[in-house]
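Inspection log for the structure reproduced underneath, given as structure tokens.
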Amino acid sequence: MVHDHLYADRVGIDTYYDQETQTLAAVAVDACRGPQVSLDGVPLVGRLPSELEPWIEKTASTLEDPNLPEYVDGLRFGSRGEPYLLSLGLVLRCQQNGDHARCRPVFLAPQWAMRGQEGIEDLIPDTEWLTY
């Protein structure tokens, strides 16, 4: 796994590359310094998790696809409680910001999202899971 720290420091984005293919496989947006990213008009970066809860539940209810493996379909939760919407290639992590935890979205390339949450946690370096 290659991680570009210099780029992250400049724009508030962490990038993760697939070691096998040397291609970009995940992008995490810093909740405090990153650019705002929206999905279907809903801003995701820096929001309080409770603000996004209704959107997560509504979106998850539309994701059921019988053609996808069960471990990718719908809403799943990671070992730290973060919501996974893998069919969208999205993990909504939290990042501490003063007294509040703010949303730090991690966007996944399809080849990583299809591996399921356990596979993703192994592919993304510990710094993502332990630092933020």
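Okay, here's what the table says:
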| quantity | calculated |
| --- | --- |
| Most positive-pole-ward Cα, Pro43, Ala28, Ile120, against dipole of the chain from beta carbon charges | Pro43 |
| Potential extension, Thr62-Val11 segment - 0.36 nm per residue separation minus Cα distance | 15.1 nm |
| Carbon and sulfur %, accessible surface of the chain computed with the full protein complex present, 1.4 Å | 51 |
| Helical mean residue ellipticity (222 nm; -39500 (n - 2.57) per DSSP H run of 4+; nearest 500) of the chain | -7500 deg cm²/dmol |
| Volume of the Cα convex hull of region 89-132, divided per residue and given in Å³ | 62 |
| Computed over the chain, the ratio Rg/Rh where both radii use C-alpha atoms and Rh is Kirkwood | 0.94 |
| Accessible solvent surface per residue of region 79-132, calculated while the other protein chains remain in place, 1.4 angstrom probe, Å² | 46 |
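The values are calculated or read from the model by the stated rules, or taken from the named source; none is laboratory data. Predicted model, so just to flag it, every value in this text is computed and none were measured. Every residue, glycine among them, receives a Cβ derived from its backbone with ideal geometry; neighbour counts consider all protein chains shown. We work out accessible area using only protein heavy atoms, side chains counted, and drop any ligands, DNA or RNA first. Shrake-Rupley method; radii C 1.70, N 1.55, O 1.52, S 1.80 Å.
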